[in-house]
Amino acid sequence: KTKGLEALIHSLIGVIYACWNRPDVLHIHAIGPAIVTPIARLFGLRVVVTHHGPDYAREKWGLFARWVLHTGEKFGMRFSNQRIVISRVIGQMIQSTYGCDSVLIPNGVVVQEMPVSTGALERFSVKPGRYILNVSRFVPEKRHLDLMQAFAEARLPGWKLLLVGSLNQPDDYTRAVQAAADKTTDVILTGFQSGLALQELYAHAGIFVLPSSHEGLPIALLEALSYGLPVLASDIPANLEIGLPTEQYFQLGDIAMLARQLRVYAAKEEDPLARERWRNWVQERYDWKEIASQTLAVYSKAMN
């Protein structure tokens, strides 16, 4: 388990396994593992690569890691039999950079039953409809500190900010977030949550916020919409592609603008009909059965 090498080693082992078992199609996800695409093609495998986003744009990578990711993107796009992208933005980027066509197939989301239980809320001492929720990995591009500062500036009496995500691997960024959270009782770091607890936190939140500077297709944002939550998101291309109303976007890094929007949305009364409309909207556009059918069609093309 060595940072920077583990994914490459797993990808190589995966190709060796596929060469031995001869599947109809080898499907590689993300541009890092896609660096092994030429090896798979050399051994006669049909390869589909899904581009989940330009990972080299993430702030955590150094020069060598960025070079590896750029190379993986180039090899994956140029040597694969078929290419899938999860957003139009990514499709346009690889068309302009590599002259490659691709098929747009977004990630899906499962629209869950709305839980009525509140066990997770009781554990974190928050009230239904009176907390702002963020669910994400603790990495710099998720911009937790922006959200924490905007929440402080918004001054919302009785509201809490819940940041959901694992803190098991502390680094400079997670320590900075922890230090900022320690200064107030209104910001709660819940740690990793899943299952019913995560469903409860989504279902009973008042607002969901995604202030990221980098996304491929923001699954957490789709999950929030699948619970009908009012959402606010930074105006990066991946978030804009979701197609929210203009007033639900804020300029990336604009703390004052986000604080104003938090005040506006915190003052609104809950609208059950609007929440149900958003749930239906997500179900129609990000249905896994339709996504599976579209993916199978790409496999068929790759085999021809």
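Computed quantities for the displayed model
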{"item": "Condition broken by Ser213, with the remaining ones in (1) part of a loop (DSSP other than H, G, I, E, B); (2) under 27 Å from Ala120 (Cβ atoms) satisfied", "result": "(2)"}
{"item": "Hits in segment 1-54 - residues which are among the polar types (S, T, N, Q) and closer than 20 Å to Leu69 by Cα", "result": "Thr2, Ser11, Thr37, Thr50"}
{"item": "Candidate set from segment 227-273 (those that are open to solvent by 80 Å² or more (accessible area, probe 1.4 Å) and in a loop (DSSP other than H, G, I, E, B)); member that is nearest to Pro115 (Cα to Cα)", "result": "Glu270"}
{"item": "Residue match in segment 293-302 (condition: open to solvent by less than 20 Å² (accessible area, probe 1.4 Å), touching a residue at least 60 places away in the same chain (Cβ under 8 Å), over 16 Å from the mean Cα position of the chain (by Cα) and more than 15 Å from Met114 (Cβ to Cβ))", "result": "yes"}
{"item": "Failed condition for Gln199, given (1) under 30 Å from Gly91 (Cα atoms); (2) of a type in the set (S, T, N, Q); (3) at pLDDT 95 or above; (4) open to solvent by 20 Å² or more (accessible area, probe 1.4 Å)", "result": "(1)"}
{"item": "Positions within segment 112-123 being assigned to a loop (DSSP other than H, G, I, E, B) and surrounded by fewer than 17 Cβ atoms within 10 Å (Cβ to Cβ), in sequence order", "result": "Gln112, Glu113, Met114, Val116, Ser117, Thr118"}
{"item": "Residue that is hydroxyl-bearing (Ser, Thr, Tyr), closer than 30 Å to Arg175 by Cβ and touching a strand residue (DSSP E or B) at 6+ places or on another chain (Cβ under 9 Å), where the choices are Ser87, Ser125", "result": "Ser125"}
{"item": "Residue list for segment 1-32, filter: part of a helix (DSSP H, G or I) and under 21 Å from Gln169 (Cβ atoms)", "result": "Glu6, Ala7, Leu8, Ile9, His10"}
{"item": "Residues satisfying the stated conditions in segment 150-177, i.e. over 21 Å from Ser194 (Cβ atoms) and in a helix (DSSP H, G or I)", "result": "Ala150, Phe151, Ala152, Glu153, Ala154, Asp172, Tyr173, Arg175, Ala176"}
{"item": "Residue in segment 77-105 that is farthest from Ala57 (Cα to Cα), counting only those that are open to solvent by less than 20 Å² (accessible area, probe 1.4 Å), over 21 Å from the mean Cα position of the chain (by Cα) and modelled with pLDDT of 95 or more", "result": "Ser80"}
{"item": "Condition met for Ala34 (small (Gly, Ala, Ser), surrounded by 15 or more Cβ atoms within 10 Å (Cβ to Cβ) and in contact with a His (Cβ under 7 Å, 6 or more places away or on another chain))", "result": "no"}
{"item": "Single condition Leu147 does not satisfy, out of (1) in a loop (DSSP other than H, G, I, E, B); (2) modelled with pLDDT of 95 or more", "result": "(1)"}
{"item": "Breaking point among (1) open to solvent by less than 40 Å² (accessible area, probe 1.4 Å); (2) outside any helix (DSSP H, G or I); (3) modelled with pLDDT of 95 or more, for Ala40", "result": "(2)"}
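The values are calculated or read from the model by the stated rules, or taken from the named source; none is laboratory data. A quick note: this is a predicted structure, and the numbers were derived from the prediction, not measured. In this analysis, Cβ positions are derived from the backbone assuming ideal geometry, glycine residues included, and neighbour counts consider all displayed protein chains. These area figures cover heavy atoms from the full protein model, side chains too; ligands, DNA and RNA do not enter into them. Shrake-Rupley method; radii C 1.70, N 1.55, O 1.52, S 1.80 Å.
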